[in-house]
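As structure tokens, the structure follows; a few thoughts come after it.
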Amino acid sequence: MNRETVQNEGSTVSVCGWVNSRRNMGKLAFLDMRDRSGLLQVVLVPAELDDASRALMDEIRPEYCLRITGIVNRRGEKQVNPNLETGSVELLAKEVEILNPSKTPPFELQDTAQVNEEIRLTYRYLDLRTARMIKNLDLRDNVVAFMRNFLRREGFIEVETPVLTKGTPEGSREYLVPSRLHESKFYVLPQSPQQFKQLLMVAGVEKYFQVARCFRDEDQRGDRQPEFTQLDMEMSFVTQEDVLAINERMMVELVKAVAPEKRITQVPFPRISYRDAVDQHGSDKPDMRKDKNDPNELAFCWVVDFPMFEDDGQGGIQAAHHPFCMPHPDDLDLLDTEPLKVRAASYDLVLNGYELSSGSIRIHKHELQNKIFELLGLSAEQIEARFGHMLEAFEYGAPPHGGMAPGVDRLVMILANEPNIREVIAFPKTGDARDLLMGAPSDVEKKRLDEAHIQIKPSKH
Ligand code: ASP
């Protein structure tokens, strides 16, 4: 790796990587070679190169993939570049091998802030070569690794749950996957592992987490992605305080470990009820930063006591978060009389005005869960068909449990000071849910549609 050359002054080494830039100085040429660890200056002096390397020296252009063998030399005092990690040395090339040439990239792989995003996404593998993207991928890796280590130290285990499943109603439309083996039946892609993590609590897992992909087929309002990642977690035998405490501790330690330049405005995180947040800040995700221009300020806050239900606009009520939230113990009496006044034992973690995470204590009793479904207007048949498995599971000694699910994309976005989550996802989709690199969604052959028992009904425009 380029970074290691500084410890190898005087030695012959081989480096592999890409030409970041080339400068000619008379007969000499200077290359900035790039690999994941950073840049390294390479000097090409014709007299120092072997014959084959000398012959191809003029061909070398930006983004060529090369292997260069040479001697690591200390740079002269005046040539030291303090902005480069390897700025005290340079590589005097002896042998250059072109591993693969490169076409001229469609955009300069330097500062991409002004580059058209569709081009960046179409050539994402080039975009990911830029320092900005390398930094974001590294930060994301650090964040996820920290979370995994932290939770494993706390006794959680990571369990994978299915991606082909049955609906989890959390307010969004689900992606449908037709079943080939079972005609006219469908799987859906989960909006979150909500039901599975609750079933894992019934199973006795006690402390679960998963770096989980979630899928939501929404009209792409704002900064959303059809698939995104949550640190999904669930615990048994806990109160709301326990869930908030472990998540708060994780966030504080995570910031210290992966983004030490950031300052958290207030610890313990301030707490505010949903009602007060809306009344006092006009938002259920208040931005509590003291200085909105400070890129290193992180203002976390908890918003608690969300309403259990909201008006569905059609004379009925719908779950404000999801139907598995436990009603606030003080409000159980209101369920039959004034359901819209019932608070839930549910909470959000808000960061700089973004909803980072939602969670709740869950219902673990059959009767109460059934009642909530009824209040949501489901018939006995609908309840049985959609949620019979949950209700039945609750009849086998389901423990009290609760959890939450911090959004990984959004957290990394804020830590990276990026303007949207696409910048911290390796292969994101556009605002209208297209993958420009792969060209998805795409047509499929008639034969495959037939196998899946699907007939396309052209839409009337
Ligand atoms: N499944 C919920 C969500 O995706 C989070 C939770 O309640 O744990 O928002």
Within the range 15-59, work out how many residues are among the acidic types (Asp, Glu) and in a helix (DSSP H, G or I). 4
Counting only helices (runs of 4 or more DSSP H) wholly inside the range 115-217, the ones holding at least 3 residues that are at negative phi and of a type in the set (A, V, I, L, M, F, W, C) are 131-153, 194-202
Need at least 2 residues that are more than 24 Å from the chain's Cα centre (by Cα) and surrounded by 12 or more Cβ atoms within 10 Å (Cβ to Cβ) per element, so show me which helices (runs of 4 or more DSSP H) inside the range 356-461 make the cut, counting only ones lying wholly within it. 366-375, 380-393, 446-451
Just wondering, is there one or more residues in the range 64-84 that are modelled with pLDDT of 95 or more, in contact with a strand residue (DSSP E or B) (Cβ under 8 Å, 6 or more places away or on another chain), crowded, with 18+ Cβ neighbours inside 10 Å and not in a strand (DSSP E or B)? yes
Name every residue in the range 1-36 that is of a type in the set (Gly, Ala, Ser) and touching a residue at least 40 places away in the same chain (Cβ under 8 Å), in order of residue number. Gly10, Ser11, Ser14, Gly17, Ser21
Glu374 versus (1) of a type outside the set (Gly, Ala, Ser); (2) closer than 30 Å to Glu206 by Cα; (3) more than 16 Å from the ligand (Cβ to nearest atom); (4) touching a residue at least 24 places away in the same chain (Cβ under 8 Å): which is the lone unmet condition? (4)
Regarding Leu92, is this residue in a helix (DSSP H, G or I), touching a residue at least 40 places away in the same chain (Cβ under 8 Å) and not hydroxyl-bearing (Ser, Thr, Tyr)? no
In the range 306-316, which residues are surrounded by fewer than 20 Cβ atoms within 10 Å (Cβ to Cβ) and either within 28 Å of the chain's Cα centre (by Cα) or touching a residue at least 40 places away in the same chain (Cβ under 8 Å) (or both)? Gly316
Given (1) within 16 Å of the ligand (Cβ to nearest atom); (2) modelled with pLDDT under 95; (3) not charged (D, E, K, R), index of the condition Phe156 fails: (2)
Enumeration of residues in the range 317-348 that are within 16 Å of the ligand (Cβ to nearest atom), in contact (Cβ under 8 Å) with a residue 60 or more places away in the chain and hydrophobic (A, V, I, L, M, F, W, C): Ala319, Phe324, Met326, Ala345
Take residues that are modelled with pLDDT of 95 or more and over 23 Å from Leu368 (Cα atoms) and tell me which of the strands (runs of 3 or more DSSP E) falling wholly in the range 266-343 contain 1 or more. 271-273, 300-304
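The values are calculated or read from the model by the stated rules, or taken from the named source; none is laboratory data. Predicted, not measured: the structure shown is a model, and the values here were computed from it. Here Cβ is always computed from backbone atoms with ideal geometry, including for glycine, and neighbour counts include all displayed protein chains.
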